[in-house]
Amino acid sequence: AKENGRNTFQLFTSQMNDETNRIFTLEQRLRHALEQKHFVLYYQPLFDHGNDSVCGMEALVRWNDPEHGLIPPQEFIPVAEEIGLILPLGEWILREACRQSMAWQKQGLPALRISVNLSARQFRQKGLISMVQGILEETGMSANLLELEITESSLMHDADETLVKLRQLTEMGITLAIDDFGTGYSSLSYLKKFSVSRLKIDRDFVRDLCDDQDDAAIVSTIVAMASHLGLHTMAEGVETDAQLQALLDVGCRQFQGNLFSQPLPAAEVASLFDKPLNP
Ligand code: C2E
Ligand code: CA
Ligand code: CA
Ligand code: CA
């Protein structure tokens, strides 16, 4: 039994070491990637049915590793969040998105709202407001063209501090969207207090919208209540005409998903617009 116990213990520690090593290596590689600027932003167009046009772009980060190619955010954002690297990475993402937006405007593209994801840790960081303010000044980006996407769970921490931060951001002219809406526990009246403009209905609810009556009821309720409160709703992950029709039927007017466009590299965004570009 003693022998067994020791073997079990050894097995356990060797697994732990593997996991520790894996994270350690990933951590080193992430730090290196940030120094070398091995990250790239893709942009997914956001559609508004009302104007039948692109109403914005969501910036989505990818790790462009020289050896492994493009690595999706789920594979490194959680670790970056855990080790705190999300703060410098998130700052780079915001600066890069604003810089790109200004570059598009100079090329003659219509001024589009850019949505940037803010992780929970970024939202809680002390210098958030001055960091955002600094990047807007440095890039010349208009606050009115910036939307920050914050997950429901980020708002749950400290209600007073959250309210102050959200108010400071909206007073600057920035709009706020609640990301992955429906997965947390916030009531809609609570959100009203938070001066949010838009709810993004999580892709999980959109996926089974046409087959699952519960999901259909949830989406329909979110859209109806949001509309009473004067909030826009945007559906994430719209892939089929049937999903689009079901969303239109319940009054949703803003969409994001592969049915419209996948996330695109910055260079391909210009081709979305008919308008001739300045030379
Ligand atoms: P999210 O904020 O919910 O972003 C939407 C995700 O859904 C994106 O995945 C997008 O490519 C994907 N998507 C959009 N339409 C469709 C569709 O029709 N079908 C399918 N299957 N997927 C669709 P992506 O780019 O892999 O990003 C995943 C998550 O990683 C994001 O979810 C967000 O939570 C996080 N993330 C991405 N970029 C950033 C960033 O710059 N900062 C932070 N903090 N998080 C980010
Ligand atoms: Ca998002
Ligand atoms: Ca989302
Ligand atoms: Ca989601």
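The values are calculated or read from the model by the stated rules, or taken from the named source; none is laboratory data. Because the structure is a prediction, the values reported are computed rather than measured. When we count neighbours, we look across all protein chains shown, and the Cβ atoms used for this are built from the backbone with ideal geometry, even at glycine. Ligands, DNA and RNA are excluded from the accessible area calculation, which covers all protein heavy atoms including side chains. Shrake-Rupley method; radii C 1.70, N 1.55, O 1.52, S 1.80 Å.
Tabulated data for the structure shown
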item: Share of pairwise Cα separations in the range 54-98, more than 15 Å, in percent; result: 52
item: Gaussian network model of the chain, springs between alpha carbon atoms under 10 Å - residue of G108, G251, G69 with greatest fluctuation; result: G69
item: Solvent-accessible area per residue, Å², over the range 204-250 with all protein chains present [probe radius 1.4 Å]; result: 53
item: Binned Cα-Cα distance frequencies in the range 144-202 - 10 Å width, integer %; result: 23, 61, 15
item: Fluctuation leader among R62, R31, R198 - the chain, Gaussian network, Cα springs under 10 angstrom; result: R31
item: Cα-based convex hull, the range 169-279, per residue volume (Å³, whole number); result: 139
item: For the range 20-103: accessible area per residue (Å², 1.4 Å); result: 49
item: Part-to-part distance (alpha-carbon centres) for the range 29-101 and the range 123-147, which is given in Å; result: 16
item: Ordering of 72-80, 252-260 by packing [mean C-beta count within 10 Å, highest first]; result: 252-260, 72-80
item: Residues D65 and K126, FRET efficiency given R0 of 25 Å [Cβ-Cβ distance, rounded to 0.05]; result: 0.20
item: Debye, to nearest 20: dipole size of the chain, +1 on Lys, Arg Cβ, -1 on Asp, Glu Cβ; result: 880
item: Carbon/sulfur fraction of accessible area - the chain, other protein chains in place, 1.4 Å, %; result: 51
item: Residue (of S271, V206, A216) at the positive-pole extreme of the range 124-279, dipole from beta-carbon charges; result: S271
item: Two-decimal Rg to Rh for the range 32-134 - Kirkwood Rh, Cα set; result: 1.00
item: Translational D in µm²/s for the chain (Stokes-Einstein at 37 °C, 0.692 mPa s, Kirkwood Rh from C-alpha pairs); result: 160
item: Around G230: net Lys/Arg minus Asp/Glu count, Cβ-Cβ under 14 Å; result: +4
item: About the Cα centre, charge dipole magnitude for the range 122-234 (Lys/Arg +1, Asp/Glu -1 at Cβ), debye; result: 460
item: Mean ellipticity per residue at 222 nm, deg cm²/dmol - from DSSP H runs of n ≥ 4 across the chain, formula -39500 (n - 2.57); result: -15000 deg cm²/dmol
item: Gyration tensor verdict on the range 88-213 (Cα atoms; rounded if a/c is under 1.5, prolate if a/b is larger than b/c, oblate otherwise); result: oblate
item: Charge dipole (the range 92-194, unit charges on Cβ, about Cα centre) - positive-most of Q122, Y190, M172; result: M172
